[in-house]
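Structure record follows, encoded as structure tokens.
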Amino acid sequence: MSELGDIHQALVEDNRGAFENAADQLLAQPSWTLEATVVLMHTETGEVTIGPVRSLPLWLDHLPSELDAFVRLQEQGVSFEAAYAQCLAEQGQEFVDACETAMRSKPLVTHDNLAELMALSQKGFARQPRELLALAQWPDHVSGFLVSCERFR
């Protein structure tokens, strides 16, 4: 198992009671919806949040949607300057305002990341045995992984 995998497993064990509760909730759900249960572990405080996957945008600081195109361009290998110039030309002041907001709030995820996490929740729900989406929120990023509900039965 990778070092990150070991860290994730240790977090799960440290929060076993919360995972037992969340696994019970997820197993009781007949089909995947935006109400599917997810666990968010706040690594700095040790707190755990259990709730529906639809709450992820409320729980996780994310980039303003006006920056989605900029992030995608950079992921495609476009230079910072070229991506900035293109988005500025397309969006104008809304893009500048979104950049300023992002610099103040230091968001951890993008809208695309939120969609990927929701898709991971769906994937885990469809597996046999069913798997629960777990998230670890670090000071500078968020990691998501699936945990089998079977281990908590």
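The set of residues in region 65-79 that are at pLDDT 85 or above, of a type in the set (Gly, Ala, Ser) and under 18 Å from residue 114 (Cα atoms) contains only 69. Applying the criterion of at least 2 residues that are farther than 30 Å from residue 13 by Cβ and among the polar types (S, T, N, Q) to the helices (runs of 4 or more DSSP H) found wholly in region 47-98 leaves 80-91.
Here is a yes/no grid of residues against (1) surrounded by 13 or more Cβ atoms within 10 Å (Cβ to Cβ); (2) modelled with pLDDT under 90:
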residue: 81; (1), (2): no, no
residue: 85; (1), (2): no, no
residue: 115; (1), (2): no, no
residue: 132; (1), (2): yes, no
residue: 152; (1), (2): yes, yes
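None of 34, 58 is closer than 30 Å to residue 95 by Cα, modelled with pLDDT of 95 or more and open to solvent by 40 Å² or more (accessible area, probe 1.4 Å) except 34.
The values are calculated or read from the model by the stated rules, or taken from the named source; none is laboratory data. This one's a predicted model, so the numbers in the text were calculated from it and none came from an experiment. For neighbour counting, all protein chains shown are included, and Cβ atoms are generated from backbone atoms with ideal geometry for every residue, glycine included. Just so you know, the surface numbers come from the protein's heavy atoms only, side chains and all, with ligands and any DNA or RNA stripped out. Shrake-Rupley method; radii C 1.70, N 1.55, O 1.52, S 1.80 Å.
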